[in-house]
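Student: My questions will all concern the structure given below.
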Ligand code: NAP
């Protein structure tokens, strides 16, 4: 049987991927979304979102659900729980190989997002699920009346620290400098919260526990060099994100951190391949910017396919 060739395959079903698929579908092309889990992306793990225009306050999962309902209304095909193994982006017909299936497409939009960065210290991997967590929303309730430490000074660290005070008795936020990166409004909320204590100019060195759970974190004051310990039940690293790009193995131009470089039309260095959202190099990683990227990428894919069709009619062979 001849394999189906989609006009467009969108890799990733977060805000960028879903909106790219929506714009492409409304642009009249045959599109499918391939995602490693269920669609929704990072917002599923967010608490309240306050900066998505039109929704003064909305739960992350609720916004993700609305996105999916919107996609379903347009009957966009979704292949979920498909672990992407590798992709061939350089041929005229692109290939996406997952653990279970192979998909073919004339164009690809990469919207695979980014994953939490690890601290890279002793004890981190060992205690994942036993005191180390990268998702306060998922695991916060396990820390009722306990003591936790959040690592990082950005919006995520401070917001998740505030969230954890709903459960924990005490929340430390450890930051490597003496000034937070988080927005002022978020900082003020944390400074006003009696359960939160900041530990500035400090970096974690090791997470220590017994055979069941985390007991303490060892850390260093980077100004004085002093090494101290803090008794904690949980450690929540929130030190930023790395792009999810392992599967395409240097087929595209990326920046020094691995984020994909695109032009203003979300075109990557490879013809017929676009990138959108957190996976691309961008000055702002928000749901709203991811959605906007998706719109541009979706339309760029539609225009690219129109150009190809036009050239083929004229007898021009594309590679
Ligand atoms: P981020 O803004 O990059 O902040 C990462 C934090 O971790 C920084 O404070 C950084 O310190 C620290 N850090 C980095 N590497 C470290 C290491 N190895 N050891 C110790 N500390 C380390 O990342 P984010 O907070 O995850 O946010 C990512 C993006 O999502 C941002 O654009 C953010 O604005 C956005 N976001 C927005 C909201 C919201 O608007 N409500 C909520 C969450 C996230 P330095 O400050 O010293 O670099």
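Student: Work out how far the C-alpha atoms of region 191-276 reach from end to end along every principal axis, then list the three figures in whole Å, largest first.
Tutor: 53, 36, 27
Student: With no solvent and one equal point scatterer per Cα, compute the Debye intensity ratio I(q)/I(0) for region 1-159 at 0.15, 0.17 Å⁻¹ and report its log10, rounded to two decimals.
Tutor: Listed by q, the Debye log ratios stand at -0.92, -1.06.
Student: Taking the alpha carbon gyration tensor of the chain, what are the square roots of 5 times its eigenvalues, largest first, to the nearest whole Å?
Tutor: In descending order, the three semi-axes are 41, 20, 18 Å.
Student: Then there is this: Give me the number: length gained by fully extending residue 62 to residue 203, i.e. 0.36 nm times residue separation minus the C-alpha to C-alpha distance, one decimal in nm.
Tutor: That works out to 47.3 nm of additional length.
Student: I would also like to ask the following. From the helices alone, meaning DSSP H stretches of at least four residues, give me the mean residue ellipticity at 222 nm for the chain, per-run term -39500 (n - 2.57), in deg cm²/dmol to the nearest 500.
Tutor: Only helices count here, giving -7500 deg cm²/dmol.
Student: From the C-alpha coordinates alone, can you work out the Kirkwood hydrodynamic radius of region 136-237, in Å?
Tutor: Across region 136-237, the inverse of the average 1/r is 13.5 Å.
Student: Compute the FRET efficiency between residue 99 and residue 286 as 1/(1 + (r/R0)^6), taking r as their Cβ-Cβ distance and R0 = 25 Å, and round to the nearest 0.05.
Tutor: Once rounded, the FRET efficiency stands at 0.20.
Student: Run the numbers on region 136-237 and let me know its relative contact order in percent, using alpha-carbon pairs under 8 Å that are six or more apart.
Tutor: Rounded, it is 28 percent for region 136-237.
Student: Subtracting the Cα-Cα distance from 0.36 nm times the residue separation, let me have the gained length for residue 73 to residue 145 in nm, one decimal.
Tutor: 21.6 nm
Student: Only bridges whose two residues both fall in the chain count here: according to DSSP, what percent of them are antiparallel, nearest 5?
Tutor: Of the beta bridges lying entirely in the chain, close to 45 percent run antiparallel.
Student: Right, another one. When the chain is treated as a GNM, springs tying every alpha-carbon pair under 10 Å, which of 203, 31, 149 comes out with the largest mean-square fluctuation?
Tutor: The residue that fluctuates most here is 203.
Student: If you take the Cα Rg of region 68-205 and divide it by 2.2 N^0.38 Å, with N the number of residues, what do you get?
Tutor: Relative to the 2.2 N^0.38 Å estimate, region 68-205 comes out at 1.43.
Student: Which residue fluctuates most in the GNM of the chain (Cα springs below 10 Å): 233, 263, 192?
Tutor: 192
Student: With springs only between Cα atoms under 10 Å, which of 65, 188, 169 fluctuates most in a Gaussian network model of the chain?
Tutor: Evaluated over the chain, the most mobile residue of the options is 188.
Student: Please work out the Cα center distance from region 75-100 to region 175-250, rounded to the nearest Å.
Tutor: 36 Å
Where a number appears in this text, it was derived from the coordinates with a stated rule and is not lab data. For clarity, every value in this text was computed on a predicted model and none was experimentally measured. Every residue, glycine as well, gets a Cβ built from its backbone with ideal geometry; the counts of neighbours run over all protein chains shown.
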